[in-house]
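Presented below is the structure to which this report refers.
The values are calculated or read from the model by the stated rules, or taken from the named source; none is laboratory data. Not measured: the values here are computed from a predicted model. Cβ coordinates were reconstructed from backbone atoms using ideal geometry, including for glycine residues, and neighbour counts include every protein chain displayed. Calculation scope for accessible area: heavy atoms of the full protein, side chains included, ligands and nucleic acids excluded. Shrake-Rupley method; radii C 1.70, N 1.55, O 1.52, S 1.80 Å.
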Amino acid sequence: MEQLVQTIIKGIQEKKGSDIVVADLSAIDGAVCRNFVVCQGNSPTQVEAIADSVGEMARVQLGEKPTHVVGLENAQWVAMDYGDVMVHIFLPDVRVYYDLEHLWEDAPLTRIKDLD
């Protein structure tokens, strides 16, 4: 699973996704998955490109495909379900509104430094 999270992060960074946060939900009872990976793109086109990059990288490098992908129609918030790992790619204002990374206040958060 750690390898999947790292591959997802690479896929996000490949398309200049920013403000990546990994929430570790593994110790939280009733959590829908073990990790949330949250990031943002600056336009619907970039959000869609990030989702494509994550999907391609996970498939090529690990043979992993998401069981569900929703939100590509308007690309303001794309969610990709990899079972134990959920990926959320937002436009900045939509991300602030939903504030997913603080939904489980007990979850340890890891912030990934943006690539220059």
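Tell me which residues, restricted to the stretch 85-116, are of a type in the set (F, W, Y) and either in contact with a Pro (Cβ under 7 Å, 6 or more places away or on another chain) or touching a residue at least 40 places away in the same chain (Cβ under 8 Å) (or both).
Result: F90, W104.
Kindly provide the set of residues from the stretch 18-32 that are open to solvent by less than 40 Å² (accessible area, probe 1.4 Å) and of a type in the set (S, T, N, Q), ordered by number.
Listed by number, the list holds a single entry, S18.
The rows are residues; the columns are (1) touching a strand residue (DSSP E or B) at 6+ places or on another chain (Cβ under 7 Å); (2) assigned to a loop (DSSP other than H, G, I, E, B); (3) farther than 21 Å from Q3 by Cα.
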position	(1), (2), (3)
A27	no, yes, no
G30	no, yes, yes
V69	yes, no, no
A79	yes, no, no
V96	no, no, yes
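Can you find a residue in the stretch 46-53 that is hydroxyl-bearing (S, T, Y), surrounded by 18 or more Cβ atoms within 10 Å (Cβ to Cβ), touching a residue at least 12 places away in the same chain (Cβ under 8 Å) and under 25 Å from N74 (Cβ atoms)?
yes
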